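The values are calculated or read from the model by the stated rules, or taken from the named source; none is laboratory data. This one's a predicted model, so the numbers in the text were calculated from it and none came from an experiment. Cβ placement follows ideal geometry from the backbone for every residue including glycine, while neighbour counts extend to all protein chains displayed. All accessible areas refer to the heavy atoms of the entire protein, side chains included, with ligands and DNA or RNA removed. Shrake-Rupley method; radii C 1.70, N 1.55, O 1.52, S 1.80 Å.
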Amino acid sequence: ERAKLKALGYWPHEVDDMRREVAFRVLDQRRQRPFGERTMPRAWRRSASRAGFHQSQLAARAMVLCVVVLAAAWLTDLLPGSLARTGDPCREASLTWRRQQKASVPWFL
């Protein structure tokens, strides 16, 4: 297939970067390289679609990481006063119990 694309006038680096479905369509229609000295359109390139996917994937992962970090900070009371959890009687009792336990443990443990 690569040799057939090269025979149709496509440059070697274009053949390596061409999307598979575009290559099949070009071969089925036996279409000569239509863009003269210009480069192959981005829509035909595998690298162009990967770059877009990669950027959106990174953005999604960053957002998930931010949500996880904020949730963990909120659950462990590491957020500043106005953002911290307040008014939960069970939580307040738990904090009081933890403080009492810490006070009863000798300093060397």
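For this structure, a couple of remarks:
- Close pairs from segment 1-12: first closer than 18 Å to Thr39 by Cβ, partner assigned to a loop (DSSP other than H, G, I, E, B) and open to solvent by 80 Å² or more (accessible area, probe 1.4 Å), Cβ under 6 Å, at least 6 apart: Leu8/Gln32; Gly9/Gln32
- Test: residue in segment 17-37 that is more than 20 Å from Arg2 (Cβ to Cβ), modelled with pLDDT of 65 or more and open to solvent by 80 Å² or more (accessible area, probe 1.4 Å): yes
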